[in-house]
Every structure is written in C-alpha cells, then in structure tokens.
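One structure is given below, encoded as structure tokens.
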Amino acid sequence: MVSYNTKDWFTFIFRFHKADTFRKLFPVMIAIGIYSGVVGYVEVEYWKLAEDSYVRNITIMHGMLGFVISLLLVFRTNTAYDRWWEGRKLWGALVNNSRNLALKLAAILKDEEDVAFFRNLIPNYAFVLNLHLKDEATSQQLNENLVIDLDQDKHRPNQVAKLMFERINLLYIDKKITGDQLIILNDELKSFTDICGACERIKNTPIPYSYSAFLKKFIFFYVMTLPFGYSFSLGYYVVPVVVFIFYVLASLELIAEEIEEPFGTDENDLPTEIISENIKRHVNELL
C-alpha cells in the first residue's frame with residue numbers, strides 16, 4: 001500500500017507513480033483526443049451545420065445522463081471501498097486474535113517446547129493466509145525453526161489451523177490444560193478460520209459482470225458523443241475538454257477496480273505482508 005502525507009497537496013498534484021490512472025489511460029486519451037478533433041473538424045469545417053440544427057441540442061442528453069453516470073460511479077467507488085475496508089478490518093481482527101491467543105498461551109503453558117511451537121505457528125498462519133489469498137505457493141519451511149509439509153493442492157490455512165488445534169487437544173489429553181482452558185483457546189482458533197472465510201468471500205465474489213460491463217459501456221458511449229454536441233460552442237477546444245472528462249470518469253472506474261480486490265499485489269492493496277510481520281513480532285514478544 002502506498003504511504004503518503006495526507007497534508008502534502010503539491011506532491012499529490014505533480015507526482016505520478018506507476019499505479020496512477022493517468023499512465024494507464026494515456027494511450028486511450030490520445031485516441032479520444034484525435035477522435036474529438038476529427039469530429040470537431042467535420043462538424044465545424046466540413047458539414048457547416050446551421051444554427052437551428054438539431055445536432056446542437058445533443059448537449060441536453062449529456063446534461064441529463066451526467067447526473068445518472070455520477071450516481072453510478074459514486075455507488076461503484078463506495079462499493080469497492082467497502083470491500084477494501086472490510087478486508088482491512090478482517091486483518092486487524094487477525095492481529096488482535098493472534099495477540100489474544102499468544103497472551104493466553106503465555107499464561108497457560110509451562111513447557112518450552114509447547115511455547116516454541118505456538119511462537120512459530122501462530123504468526124505463520126498469517127503468512128500462509130497472505131500467500132493463499134494471493135494464489136502464491138507456500139514454502140515447505142514456514143519459519144527458520146519450523147518445517148511443515150503443506151499440501152499445495154489443499155486448503156493451506158486450514159492445514160495450519162488443524163496443526164494448532166491438534167496441539168491444543170494434545171495438551172488437554174496430557175492434562176497440561178483444563179477443559180475450560182480448552183474451550184477458551186478453541187474460540188481463538190475458530191476466529192482464525194472465520195477471518196479466512198470472510199477474506200475468501202471478498203476475494204471470490206467480484207462485482208457482478210453485468211454491472212461492471214454496463215458502466216464501462218456507459219462511460220464509453222457518453223464520452224464518444226460529447227464532441228458532437230460541444231464542437232459548435234467550443235470549437236477545437238473540445239479536444240482537451242472531452243479528454244479531461246474521459247480521464248475523470250474512467251479514472252474513477254479504474255480506482256474502483258483496483259481496490260475492490262484488496263488482497264492482490266497492486267500498490268493500493270492491503271499491506272498484508274507487513275501486517276503478517278507485525279503479528280510475528282508481537283507474538284515473539286509475548287511467547
């Protein structure tokens with residue numbers, strides 16, 4: 001995720017990073033500029049339409065549809081941001097639950113071998129979940145002190161959670177923890193799986209195709225008809241005006257596309273790897 005100073009306005013205005021929408025849209029903006037120039041030339045210089053031509057009134061359509069497209073884009077960006085923020089809350093809950101589990105185990109466990117097991121495996125759940133959400137392979141050696149053979153064809157976070165629960169259950173069988181303590185620790189482990197399932201719900205349920213496709217088509221045809229109505233009043237200035245309008249509308253759609261799946265590798269996606277490192281540091285402090 002991009003780190004920045006929210007109060008540094010001039011840096012925002014004059015800085016372009018690789019994820020900026022201007023870079024992605026630049027080729028299309030050039031094509032739309034050429035298209036607008038051709039339409040403006042044909043209407044003003046070649047057709048020479050009369051003052052009472054109905055073509056001049058096409059701007060009425062743009063005024064009516066402008067309100068509709070703005071509502072659609074607001075809904076689109078809000079929905080995408082809700083998905084991004086929900087993902088951040090889920091990983092925040094994973095941080096808190098990892099701390100709580102480590103706190104309880106630190107107070108309950110007396111055997112150093114058991115403590116070392118959970119010291120390594122609790123933070124590795126976050127690392128495995130991060131790779132699982134990114135569809136990346138998991139290394140056999142999860143930690144410098146712990147080697148676990150995970151089946152890459154099966155649900156990897158579940159395998160790690162199963163190992164932790166098996167160890168908790170073994171502690172109960174060996175009478176190192178009581179039944180009440182088993183219930184308490186089980187609730188913490190259960191929350192890990194709940195968080196994993198919620199993250200998978202966000203990842204595997206994109207915005208419906210029909211809605212996303214309709215909005216893209218709406219923006220395209222809206223922008224393509226702009227030169228026909230505004231060439232009479234703006235002349236060749238219609239070129240930068242139409243290009244700018246396209247840049248604003250298309251940028252909102254691109255931003256929504258980028259943040260609606262918050263577990264990827266884009267610059268504005270959640271810093272899940274950094275969060276995993278924080279979990280590891282906090283668990284090592286507690287255990």
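The values are calculated or read from the model by the stated rules, or taken from the named source; none is laboratory data. Keep in mind that this is a model prediction, so the values were computed, not measured. The protein model used for the area step is the full one, side chains on, heavy atoms only, and it has no ligands, DNA or RNA in it. Shrake-Rupley method; radii C 1.70, N 1.55, O 1.52, S 1.80 Å.
Of note:
- Working note: Karplus 6.51/-1.76/1.60 with θ = phi - 60° gives the range 282-287 the couplings 5, 5, 5, 6, 8, 10 Hz, where Gly and Pro are set to x.
- Value in Å of the Kirkwood radius, where the range 152-207 supplies the Cα pairs that are averaged: 12.7 Å
- Solvent accessible area, Å² - residue 236, 1.4 Å probe, full protein context: 120 Å²
- Normalised per residue, the accessible area of the chain is 57 Å², obtained with a 1.4 Å probe and no contribution from ligands, DNA or RNA.
- Across the range 160-169, computed HN-Hα scalar couplings (Karplus, 6.51 cos²θ - 1.76 cosθ + 1.60, θ = phi - 60°) run 5, 4, 5, 4, 5, 5, 4, 5, 4, 5 Hz from first to last residue, x flagging Gly and Pro.
- Exposure of residue 39 as accessible area (Å², to 10), given a probe of 1.4 Å and all protein chains: 20 Å²
- When only alpha carbons of the chain are considered, Rg and Dmax amount to 27.4, 95 Å.
- To put it simply, the accessible area of the range 236-287 at a 1.4 Å probe is 63 percent carbon and sulfur.
- Karplus 3J(HN,Hα) series, Hz, for the range 75-89 with 6.51 cos²θ - 1.76 cosθ + 1.60 (x for Gly, Pro): 4, 5, 5, 5, 5, 5, 5, 4, 5, 4, 5, 5, x, 5, 5
- Inter-centroid distance (Cα atoms) of the range 71-131 relative to the range 174-191, Å: 19 Å
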